[in-house]
Amino acid sequence: MGWQMELAALVGVPRPAVPVPGTETTTPPERHLLRALAQDPGTAFTAEVRTSWCWLRARRAAGLTLALVPHEQRTALLAEWVRTGGGASAFAASEAEPLLNFLAARLPPRSHARSVCAFELGVHRAHGGSGEVFASSSPGPFARIQRARHATHVTFCGDPALILAAAAGGAPSPPRDDQTQDLLLAPGIVGLWRRCDAGEAALWTACATPRTLSHLRADGHDVELMGRLLTEGVLAIATDIGASARGA
Amino acid sequence: MSDGAPAAPAPYPARLSVGFPYLPSFPVEFYACSDAGLDFVELTPEVLCRERREGTTRRLELVEPALQRAQRACGDLPIVVHGVELSIGSAHAWNEAYVAMLDDLRVRWPFRWHSEHLGFQTVPDGSGGSRETGVPLPLPFTTEAADLVAARARLLRERFACPFLLEPPAHYFRCLGNPVEEEPWFLRRVLETSGCGLLLDLHNLYCNAINYGVDPATYLAALPLAYTVEIHIAGGAWKDGYLMDSHSERVPPAVWDLLHQALASAPQVSGVVYEILEETSAHLTPEAAARELEIARACWRAAQHRTAA
């Protein structure tokens with residue numbers, strides 16, 4: 001096990017923060033081989049191959065977002081991501097969420113890249129909720145309603161369709177617009193996402209923490225709208241305090 | 001668990017002839033259309049899966065729409081499985097999630113045989129789970145490594161009651177030893193102990209020969225070819241003086257020569273697959289792939305005639 005850990009480290013795999021029991025020691029023949037591997041030009045080449053595969057996986061997992069990031073910044077972000085262990089998973093979904101969170105923390109707020117990042121994250125989360133059974137459209141007055149865990153609300157500084165088209169490579173990126181437009185993403189929405197109107201956005205904001213239906217109605221929120229968002233998986237009946245979705 | 005005694009080898013599966021990987025990006029008509037010269041399909045099940053992680057637990061779930069599309073595309077063509085996520089050589093643990101997923105797949109879509117790579121691609125992550133290395137890594141040619149793999153391979157052969165094959169990898173490490181001298185005994189020990197078969201990737205062999213500086217034909221002749229059930233052919237690219245097993249190009253003439261040699265030496269082979277990787281071969285059209293399959297079929301038929309004569 002120790003030999004494998006050392007070979008992995010030689011080709012660029014970050015070591016665990018805490019030493020793994022059983023991997024601290026290697027036998028004399030293993031150490032001899034590892035010393036030879038450290039000098040072997042094939043080791044450096046394998047590390048390069050590894051890096052190029054990690055970059056490819058990262059680009060595949062966050063393609064739309066990275067398309068809107070300027071080249072130099074994109075290179076720096078990917079290099080940092082791979083250096084810290086990212087890009088190693090063969091599964092796009094496993095790679096996507098941590099990478100998109102990593103990017104979101106480093107992209108300018110209210111930028112198109114930041115919005116598309118939240119959108120891509122929302123798509124992955126919505127996929128994660130496929131097969132879920134959604135709440136009835138007619139909950140009781142004391143049902144506590146909150147944001148569903150696989151739902152996302154994204155704000156764009158402009159027309160989402162134009163911005164996403166630019167990210168997909170089909171059009172120039174439009175300038176930022178102070179007039180924002182919102183999308184909702186959820187597993188029960190046909191095609192996983194759609195535009196969000198002002199009433200829905202207000203309800204989304206109101207359900208950041210669980211609220212009873214009667215309270216929401218008293219605050220002026222539309223009950224039929226609540227029902228629709230429940231059946232789409234945008235909202236959910238709270239059964240577990242602290243379980244909530246995220247918004248951008 | 002094996003005590004190291006030789007296991008009875010599984011019977012050779014019925015011949016399937018010429019195959020190609022299932023690639024979601026290829027049109028479904030490529031698989032169903034007999035003009036492509038396809039007798040079977042090689043499925044990498046991970047392309048049909050979603051991974052879920054909860055703490056240190058991993059699960060691989062078959063994604064229903066992806067599975068159904070693949071089944072529609074392949075129709076009645078027999079399938080074989082070629083996995084990439086098992087990490088059979090990882091000293092700390094192999095990927096149990098992959099084995100569990102294969103249990104599900106076997107019920108949904110029976111396969112004639114299955115195969116995996118003879119190496120490792122996970123290491124411990126320090127919190128009880130596994131971390132992916134991001135690139136497949138080879139095993140040292142030691143008794144310890146051979147016996148670890150053989151024991152696990154035998155379990156898989158018994159679990160799925162169909163042939164399980166191991167594919168020796170291409171790699172770029174000179175100091176793992178001369179492949180002509182070191183690899184044959186290692187493979188023989190693994191295969192004899194486990195009763196498993198060999199998936200002989202001729203382009204991997206060619207890369208290792210070129211990169212190490214040995215004659216490919218001599219290297220091929222040294223291997224335990226009697227265990228070969230499946231052959232992969234492929235093409236790669238050069239970078240920084242290394243021939244890479246990128247599986248991104250058409251088959252070079254030298255690999256076609258190796259195929260002729262291999263089929264002559266191993267008449268029991270059940271199938272030949274022209275393997276390309278979707279990530280690296282976007283420039284290869286279905287038409288180009290069909291031409292390679294045509295050449296592979298000609299080699300196959302020539303070998304069958306030689307055997308019959």
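Taken over the stretch B:229-255, the criterion of being surrounded by fewer than 15 Cβ atoms within 10 Å (Cβ to Cβ) and within 14 Å of chain A (Cβ to nearest Cβ) is satisfied by B:Ala237, B:Trp238, B:Lys239, B:Asp240, B:Gly241. Does the stretch A:47-78 hold any residues that are facing another protein chain (nearest Cβ under 8 Å), open to solvent by 30 Å² or more (accessible area, probe 1.4 Å) and hydrophobic (A, V, I, L, M, F, W, C), and which are they? A:Trp53, A:Leu56, listed by residue number.
For A:Leu192, are the conditions met, namely being among the hydrophobic types (A, V, I, L, M, F, W, C), touching a Cys at 6+ places or on another chain (Cβ under 6 Å) and within 17 Å of A:Glu120 (Cβ to Cβ)? Walk me through it before giving the result.
Values: among the hydrophobic types (A, V, I, L, M, F, W, C): yes; touching a Cys at 6+ places or on another chain (Cβ under 6 Å): no; within 17 Å of A:Glu120 (Cβ to Cβ): yes.
No; evaluated as a whole, the condition is false for this residue.
For first residues located in the stretch A:15-37 and more than 7 Å from chain B (Cβ to nearest Cβ), partners that are outside any loop (DSSP other than H, G, I, E, B) and surrounded by fewer than 17 Cβ atoms within 10 Å (Cβ to Cβ) and lie 6+ apart or on another chain with Cβ distances below 7 Å form the pairs A:Arg15/A:Ala9.
Say we look at the stretch B:62-84 and pick out the residues that are within 18 Å of the chain's Cα centre (by Cα) and either within 13 Å of another protein chain (Cβ to nearest Cβ) or of a type in the set (Lys, Arg) (or both); which of these is most open to solvent (accessible area, probe 1.4 Å)?
Here the residue is B:Val84.
All of B:Ala32, B:Ala8, B:Ala36 fail the test of being crowded, with 17+ Cβ neighbours inside 10 Å and modelled with pLDDT under 90, apart from B:Ala36. Picking from residues in the stretch B:11-29 that are modelled with pLDDT under 90 and in contact with a Ser or Thr (Cβ under 8 Å, 6 or more places away or on another chain), the one that is least open to solvent (accessible area, probe 1.4 Å) is B:Pro13.
Within the stretch A:10-46, the set of residues being open to solvent by 30 Å² or more (accessible area, probe 1.4 Å), of a type in the set (Gly, Ala, Ser) and closer than 25 Å to A:Ala79 by Cβ comprises A:Gly12, A:Ala17, A:Ala38, A:Ala44. Within the stretch A:1-31, the set of residues being at pLDDT 90 or above and over 34 Å from the mean Cα position of the chain (by Cα) comprises just one member, A:Trp3. A search for C-beta distances below 7 Å between a residue of the stretch B:43-56 that is within 20 Å of B:Phe20 (Cβ to Cβ) and any residue that is open to solvent by 20 Å² or more (accessible area, probe 1.4 Å) and among the polar types (S, T, N, Q), counting only pairs 6+ apart in sequence or on different chains, returns nothing. Under the condition of being touching a Phe, Trp or Tyr at 6+ places or on another chain (Cβ under 6 Å), surrounded by fewer than 24 Cβ atoms within 10 Å (Cβ to Cβ) and at pLDDT 95 or above, the residues counted in the stretch B:164-204 number 1.
The values are calculated or read from the model by the stated rules, or taken from the named source; none is laboratory data. These numbers come from a predicted model, not from an experiment. Every residue, glycine among them, receives a Cβ derived from its backbone with ideal geometry; neighbour counts consider all protein chains shown. Only protein heavy atoms, including side chains, enter the accessible area calculation; ligands, DNA and RNA are left aside. Shrake-Rupley method; radii C 1.70, N 1.55, O 1.52, S 1.80 Å.
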